[in-house]
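Data block below; observations after.
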Amino acid sequence: MSTPQTPLSLPVRLADGSRLELGTATASYQVEGAIAEDGRGPSIWDTFTARPGAVRDGSSGEVACDSYHRYLEDADLVAGLGVDWYRFSIAWPRVVPAGTGAVEQRGLDYYDRLVDALLERGLKPTATLYHWDLPQPLEDAGGWLVRETAEAFADYAEVVAGRLGDRVGTWATLNEPWCAGYLGYAAGVHAPGRSEGGAAHRAAHHLMLGHALAAERVRANGPADVGIVLNLAPIWPETTGTPEADAVTDGVDALRNRVWLDPLVDGAYDEGLLAVAPELGDPELVREGDLAAILGSADWIGINYYTPVRPTPATGAANEGGHPEGGAYPGVPPFDLVVREPVTDIGWEIDASGLEELLVTTAERTGLPVLVMENGAAMADTAVTDGRVDDQDRIGYLRDHLAATVAARASGADVRAYVVWTLLDNFEWAEGYTKTFGLVHIDSRDQTRTPKASYHWVAEQAAALRA
Ligand code: FCB
């Protein structure tokens, strides 16, 4: 993708005069480093990254972008963008190192300083309570496969909201529970790296329960908008009209979209979902009151969108491994994912119309405000030359997706924000440091931060929106 295709027309205001807000995001394990500092306990990502072969380049978040020490410089970079928001995540093992019990004040102090730094720069701090770094002791006790983890999450949420709730107005409980549950406990390609098949549906329910319990505790600590961030996907079947194809399409939709949205909106797991995930019909797992607690527990839905999903029944031998999410859909008949050109450097198809469709359908389905909480592109950036990185391809991607967001809003969907993933080139999970999504380049030798052309482009959009 070289030249941006879609014209932008900013700002689009809603009937109440409000405009789309912009932001950028990071996550604790991907940027902080300092994994053994100020009493932080081990997380499942520390353990997983130490496993040979788990991460493409054998790296970890041990140093990452060193944001634990450089957060003021990072706050300056966000402020320089002129955006409204900084979405960051809080590392549970910094705050409650053992997962339950003793609170580490030095961990809370760090987020306290970060929040103040953002407020001083006129930015809205937006905190995510769980972006995948589960304290290892909780995993040792069963992780998200056991109910106690959801209860521990609520206790931790209360501690954080008790400290930051007077200054943080927007909270996300979970980031992408599909990844935490199914990539972590079924595909095994994310921490904790377990391949438990259908047992992963238990993780899905406990994550949703944890979300609901945590949301309640956050609200008890001051006025707050509390939502959940989902990587919902437009499901565009490559094959239709056969029972096999329909079963695949329905199953993929069930686990990517409905297992999260249905309990939030209907307070139920429907029959189609139970056909794929019979575990969700177990009254020992889904206890009385659980679905009532999840129903209506989100004030908004955050959407992370990168690429559409095009399933088709597997042609060769049973093959759920033909794509990077292999095994992440237990209960769904074997299928392949078709990827069309153009793609980004991580191999994800580029199609901005998927974002527009998702925003419109999710707003309709839920009746809630929707926020783009992550969107961005891994591109094979050129080296820094004369202090510049000329990432026109990333600009093209962002431009088309921001235009899709504006279009969804113009057609009546209540879309409140567009948040770019990500501020800094950082630790990209199983891909290590091999894939760069940042608006700012990082020199791993000395942590020098160099804003790319896309950074300046986002700054121009932010200025246009404020005008
Ligand atoms: C999302 C994650 C985020 C980042 C992007 C590229 O799935 O939430 O941390 O890795 O993908």
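Every number in this text was worked out from the coordinates using simple rules, so none of it is lab data. All figures in this text were calculated on a predicted structure; none of them were measured in a lab. Methodologically, a virtual Cβ is constructed for each residue, glycine included, from the backbone with ideal geometry; neighbour enumeration extends over all protein chains shown.
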Cα-based Rg and Dmax for the chain, in Å, come out at 20.7, 63
If the chain between Glu244 and Val384 were fully extended at 0.36 nm per residue, the gain over the current Cα-Cα distance would be 45.4 nm
A chain fully extended from Glu364 to Arg51 at 0.36 nm per residue, minus the present Cα-Cα distance, gains in nm 108.4 nm
Calculated from DSSP helices alone, with each H run of at least 4 adding -39500 (n - 2.57) and the total divided by the residues of the chain, [θ]222 nm to the nearest 500 comes to -10500 deg cm²/dmol
Length-normalised contact order of segment 76-206, Cα under 8 Å, at least 6 apart, in percent, tallies to 25 percent
Per 5 angstrom bin, beginning at 0 and ending with the bin that holds the maximum distance, the Cα pairs of segment 217-271 fall in percents of 4, 16, 19, 17, 16, 11, 6, 4, 4, 3, 0
Once normalised by the length of segment 334-467, the mean sequence separation of its alpha carbon contacts under 8 Å that are 6 or more apart gives a contact order in percent of 25 percent
Counting Lys and Arg as +1 and Asp and Glu as -1 over every other residue whose Cβ sits under 12 Å from the Cβ of Ala404, the net charge comes to -2
In terms of the charge dipole of the chain, which places +1 on Lys and Arg and -1 on Asp and Glu at the beta carbon, the residue among Ala75, Leu368, Ala152 farthest towards the positive end is Ala75
Taking a label point 7 Å from the Cα of Asp443 along Cα-to-Cβ, the residues of segment 26-70 whose backbone nitrogen sits under 18 Å from it are 64-67, 70
Between Leu119 and Thr434, the two model label points (7 Å from Cα along the beta-carbon direction) sit apart by a distance in nm of 4.3 nm
Once the mean of 1/r over all distinct C-alpha pairs in segment 46-203 is inverted, the Kirkwood radius in Å reads 16.7 Å
For segment 157-246, listing trypsin sites (Lys or Arg not before Pro) in a DSSP loop whose Cβ sees at most 16 other Cβ atoms within 10 Å gives Arg167
Here the gain from full extension of Val103 to Ser353, 0.36 nm per residue of separation minus their alpha-carbon distance, amounts to 85.5 nm
Note on the chain: contact order normalised by length, alpha-carbon pairs under 8 Å, 6 or more apart, percent, works out to 19 percent
With segment 63-150 reduced to its Cα atoms and the Debye formula applied, log10 I(q)/I(0) at q = 0.15, 0.22, 0.24 1/Å amounts to -0.63, -1.06, -1.17
